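A.B. asks: To start, I am sharing the structure in question, which I have written as C-alpha cells.
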C-alpha cells in the first residue's frame, strides 16, 4: 500500500472501538442478500407440492412417473454442487454484490422454463438451472452478510441465511396448497426479482473493495452500512492479494479453517436430516393425521421458529455452545427414532419405508398409533435441535473463518462438499437401510451426531464477538 493509500484508509485502521456501530442500513443490505437464500429455500421446497401435481397432470401437460419424480427432486442438489464451484470463482472475480445479482438470472430462467415446460426434459432442465442458482446463493449470501456486518450482530444476521432458507421452504409448502405446479413456478420468480431490485442499491462489501485497492469506495460503503467507521479493523496488507495456490495449504491460517469448514458440512449431512425429512409425511400418516401434506407444513413451521430463536441468541450464546447443545438433542432424537423402527420391525424381507413403519405384532391399534407418536415426537425434536445449531451454524462459520485471499476457493469447496454429501445421503440412505436395517441406519446417524458434538467441543473455535481479522489471527497463531 502506498503512503497515499494509507492516508485514505486511515479511518479504517486500528483495533475495534469499544462502542458498537449503530448503522441500520446494514440490516437492509443483509435482508436484500438473504432474499437469495429465500429463493433457494423455495426452489428446494417446490418439489414437494409440485411432484404430486405433476404426477396427476393430464395431457398435453408433462407428467412425471416415479423415476422422473425422483430425479425432479434430486437434480437440484447436482446443480447446486456445480453452483458451489461457480460461486467460489465468481465471488472472487466478480465480487460479492455482482455474484448475488448474477445468480438471479438462473433462478428466474429456471422457474420460467418450468412454467413453459412441454415435456419432462424441460422440467428437469429448469430444476437444474434453479439448482445452479441455489449453489451460488448458498455460498455468496453468507459471505456478503458476514463481510458487511459488525461483530455484535454478525451471528444474528448470518443465521438469517438459514432462517430465510427454511422460510422459503415453508412458503413453497403453503403456496402448494392453493397453486398448481405452473403458478407455483411463477411465484418462484418473485423473490429473486425482488433481490435484483434491492441489491442494485446496496454497496459492495468494504473488504472486497480493499482487495481491489478501492479505498475511498470502501470507506463510503462502510459509512453507508454502519453509519461510521467505529469498530472496523482493516485486513492485513497481505490479505489484499487474491489468489489460491496449493502451497497455501501448508499454512495453519488456511488448512485449519479448511478442515473445520469441510468437516462441519459433512457432519451436517451425516446427521440424517434428509432421511428424517424423507419420512416426515409417512410418519404423520401412521400417527393418523388426516392430511399428510400437513406434515410438511408442521415441519416447516418448527424449522422457522427454532431457526429464528437460534438467530436471536447466536451472538449471546455463541456458536460452539449451540452446536454442542444441538448435537446432543439430535443424538437423543435419532436414537429414539431408531428405537421406534426397532419396535415396529417386521421380518427380514421388509425393504420399503412403508413396511418399515408398519407394526409387526398383533397389538391393539392404539398401541401402534402410540408408537407412531414416538416417531412424531422424535422427528419434531430432531428438527428443532437441528434448526438451533447444525442447520445455520456451519454456513455461518464458513463465512467467518476463511482469510480473504482464499475465501472464494475455500467456501466453494465447502459448498461443493455439502451438496455432494446431500445428494449421496439422499440417494443411498434406503440402500443403507437394506444393509443395516432401518434402526441400524438411524443409530449410525446417531453415532455421527456424537462425533459432531466431539468435533465441536475440541476443534471449533468460538467466533462470537470477534472481528473477521481476529478470527484469522487466531488460526495463524498471532
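Since every read-out is calculated from the coordinates, none of them should be taken as a lab result. Source: prediction; values computed, not measured. Here the Cβ is made from the backbone with ideal geometry for all residues, glycine too, and neighbour counts use every protein chain on show.
A.B. asks: I need 439, 173, 46 ordered by Cβ neighbour count within 10 Å, fewest first.
C.D. replies: 439, 173, 46
A.B. asks: Where a ≥ b ≥ c are the square roots of the eigenvalues of the C-alpha gyration tensor, would you call the range 106-179 rounded, which needs a/c under 1.5, or, failing that, prolate if a/b is larger than b/c, or oblate?
C.D. replies: The shape class here is oblate.
A.B. asks: Once the piece of chain linking residue 55 and residue 201 is laid out straight, how much longer is it, given 0.36 nm per residue of separation minus the C-alpha distance between them?
C.D. replies: Residue separation times 0.36 nm, minus the Cα-Cα distance, leaves 48.4 nm.
A.B. asks: Can you figure out the FRET efficiency of residue 82 with residue 24, using R₀ = 30 Å and their beta-carbon distance, to the nearest 0.05?
C.D. replies: 0.25
A.B. asks: Assuming R0 = 30 Å, can you tell me the calculated FRET efficiency for the pair residue 152 and residue 250, based on Cβ-Cβ distance, to the nearest 0.05?
C.D. replies: Approximately 0.30, to the nearest 0.05.
A.B. asks: For 315, 434, what ranking results if the residue with the fewest other Cβ atoms within 10 Å of its Cβ goes first?
C.D. replies: 434, 315
A.B. asks: Write down the Å³ per residue value for the convex hull defined by the alpha carbon atoms of the range 427-469.
C.D. replies: Roughly 105 Å³ of hull volume per residue.
A.B. asks: Within 10 Å, count the other beta carbons around each residue, average over each peptide in 187-193, 449-455, and list them highest first.
C.D. replies: So the order, starting with the most tightly packed, is 187-193, 449-455.
A.B. asks: Need one number: nm distance between label points at residue 217 and residue 332, each 7 Å from Cα along Cα→Cβ, rounded to one decimal.
C.D. replies: 5.2 nm
A.B. asks: On a full-extension model of 0.36 nm per residue, what is the gain between residue 178 and residue 431, subtracting their alpha-carbon distance, rounded to one decimal in nm?
C.D. replies: The residue 178-residue 431 span can extend by a further 87.6 nm.
A.B. asks: Could you give the distance between the Cα centres of the range 395-417 and the range 248-278, to the whole Å?
C.D. replies: 10 Å
A.B. asks: Could I ask something else about it? Sort 119-129, 200-210 by packing, meaning the average of other beta carbons within 10 Å per residue, with the highest value first.
C.D. replies: Ranked from most to least packed, the peptides come out as 200-210, 119-129.
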